[in-house]
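I have placed the structure first, in the form of structure tokens, so that the comments after it can refer back to it.
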Amino acid sequence: MAPRTTIAEISRYDGQTVTLSGWLYNKTHKGKLIFMMLRDGTGFIQAVIFKDNFTETFFEELQRLPQESSIKVTGQVRADKRARGGYELQASEVDVVQMAQEYPISPKEHGIDFLMDQRHLWLRSSKPHAILKVRHQVIAACREYFNNLGFLLLDAPIFTPAACEGTTTLFETDYFDDKAYLTQSGQLYMEAGAMAFGKVYCLGPTFRAEKSKTRRHLTEFWMIEPEVAYCDLDQDMDLAEGMILHILEQVLQKNRDELELLERDISKLEIIKRPFPRITYDEAVQILAKSGNEFVYGNDFGAPDETVISEKYTSPIMVTRYPASVKAFYMKNDPDDPQKALCVDMLAPEGYGEIIGGGQREDDYDTLLQKIKSHGLPIEPFEWYLDLRRYGSVPHAGFGLGIERTVAWICGIKHVREAIPFPRTMSRIYP
Ligand code: 4AD
Ligand code: MG
């Protein structure tokens, strides 16, 4: 029996006969030959079916075999520079595992809504494949970065009693005789973790009832959130910068094929170097003013503003010290300018906008209590959080990186919905 292998491993078998198990991606035929593009999840390879090696009826059956039929192909591996992946298979045996029904996604162009309705099948195509492999690498690189620095992975709960990021985007659920919210961020729990373990991070889905239909917003998105005890804003920014550089290094090393398939201009990622520019909110407002933008001082930046601000730079930039009034209740105020928060947003280049939000946390009990009240939040669900300031409070900081926005930027795709396997937006919860 021929050894079973995968397309990713095929180069080890040049000249030998192997069996590949996969699906028929597409095919063409010409005279006595059928060219089948086979995919097995690890790659794509062309299998050449020569009529004389099969019975007449079976050859005809293969000619009619629908796209996405599951098949096992045994054949000799042959290096061929012109072939996708550099190898071809000269088939000697084909085993049809299941003959597929007529497949809805044909190789021609389809609209995005149709493809999203077929997302469970569209995952098999090369573009989603490339993007989701980059996503895998982004997540692996983040975890590796924090693990190497001695952080502890501490999972945050999904059901929570309290709002972390404002009350307007909460998803409320029945929780027996009570109610609970789906978490908007694991941060508050990571603060508890930082006081227990020093350096922690969580990685998981977070939920926001975003009513905005933009290319940057999902209702369910993934965040990685580190939190560090005895850490200030500058050290927090060093940590964020190091993480982005590690992600880029790993993706550029391991996902070149995917980035090429996506036609990403890789040079725009390769020029990104330390240090990333660090500017204040006030300096960012000046950039907007110089560009003729009618921005009202004191507001938060909108997506078009972020584009104008980041356009001046080739690296991601870190914008600090926004007005405290546009930021969450837990931010520490800048002692040198109490109207400002010790916060940071990282804006990706090329107009991709905010990928990280974070900063130094309010560590004083009385001030924090006051902030919870002035944000109109109920005290009771935050009692446990206030305990962190009652018992051994220290300066601490952290941030959250949005996985989908980061993947969209690195892949150079416009919309975050393609950066997650099964996107959830205001208008989509299927499939
Ligand atoms: O800036 P945000 O709201 O910060 C927090 O949630 C902090 N509690 C994180 C922390 O300090 N631990 O969100 C962080 C990041 C954003 O920069 C963005 O990348 C992403 O999460 N994000 C979204 N991504 C997709 N869809 C949405 N609706 C998003 N909202 C935020
Ligand atoms: Mg933010």
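Over the Cα atoms of the stretch 288-431, each weighted equally, I'd like the Debye log10 I(q)/I(0) at q = 0.21 Å⁻¹, rounded to two decimals.
Each listed q maps to, in turn, -1.22.
Mean projection of the alpha-carbon convex hull of the stretch 199-256 over all orientations, in nm²? If you can, show how the numbers build up before the last one.
On the way: hull surface 23.3 nm².
With every direction weighted equally, the projected area is 5.8 nm².
Summing +1 for each Lys or Arg and -1 for each Asp or Glu, what net charge is found among the other residues whose Cβ lies under 15 Å from the Cβ of I372?
Working: positive: K327, K332, R361, K371, K373, R389, R390; negative: E165, E191, E362, D363, D364, D366, E380, E383, D387.
With Lys, Arg at +1 and Asp, Glu at -1, the net is -2.
Suppose the Debye formula is applied to equal point scatterers at every Cα of the stretch 1-48; what is log10 I(q)/I(0) at q = 0.14, 0.18, 0.26 Å⁻¹?
-0.36, -0.57, -0.99
Please tell me which of these pairs span more than 29 angstrom C-alpha to C-alpha: K199/K312; K133/K327; K179/K373?
Details: K199/K312 34 Å; K133/K327 34 Å; K179/K373 21 Å.
From K199/K312; K133/K327; K179/K373, over 29 Å: K199/K312; K133/K327.
Packing-wise, with mean Cβ within 10 Å as the measure, how do 25-36, 184-195 rank, highest first?
Values: 25-36: 14.3, 184-195: 23.4.
Answer by packing, highest mean first, reads 184-195, 25-36.
Just to confirm the number: angle between the C-alpha axis of helix 365-374 and the first principal axis of the chain, 0 to 90 degrees, nearest 10?
Result, in degrees: 80.
Determine how many Å³ per residue the convex hull of the Cα atoms of the stretch 177-330 encloses.
Each residue corresponds to 183 Å³ of Cα convex hull volume.
Report the Cα-based extents of the stretch 258-373 along its three principal axes, largest first, to the nearest Å.
Between the extreme Cα coordinates on each principal axis of the stretch 258-373 lie 54, 33, 22 Å.
Rounded to the nearest 5, what % of DSSP beta bridges with both residues in the chain are antiparallel? Walk me through the intermediate numbers first.
On the way: 71 of 81 bridges.
Around 90 percent antiparallel, to the nearest 5.
Tally Lys and Arg at +1 and Asp and Glu at -1 over the other residues with C-beta under 15 Å from the C-beta of Y87: what net charge comes out?
Details: positive: R12, R39, R78, K81, R82, R84; negative: E9, D14, D40, D80, E88, D257.
Net charge in that neighbourhood comes out at 0.
How big, in percent, is the set of alpha carbon pairs in the stretch 119-419 lying more than 25 Å apart? List each step's numbers first, then the result.
Values: 22060 of 45150 pairs.
For the stretch 119-419, the share of Cα pairs beyond 25 Å comes to 49 percent.
For the Cα atoms of the chain, what angle does the longest principal axis make with the long axis of helix 126-148, in degrees from 0 to 90, nearest 10?
50 degrees
Can you send over the carbon and sulfur percentage of the accessible area for the chain, probe radius 1.4 Å, protein chains only?
Numbers: 10380 of 20550 Å².
Carbon and sulfur: 50 percent of the exposed surface of the chain.
The values are calculated or read from the model by the stated rules, or taken from the named source; none is laboratory data. For clarity, every value in this text was computed on a predicted model and none was experimentally measured. Don't worry about glycine lacking a Cβ; one is built from the backbone with ideal geometry, like all the others, and counts go over all protein chains shown. The accessibility values were calculated without ligands, DNA or RNA, using every heavy atom of the protein model including side chains. Shrake-Rupley method; radii C 1.70, N 1.55, O 1.52, S 1.80 Å.
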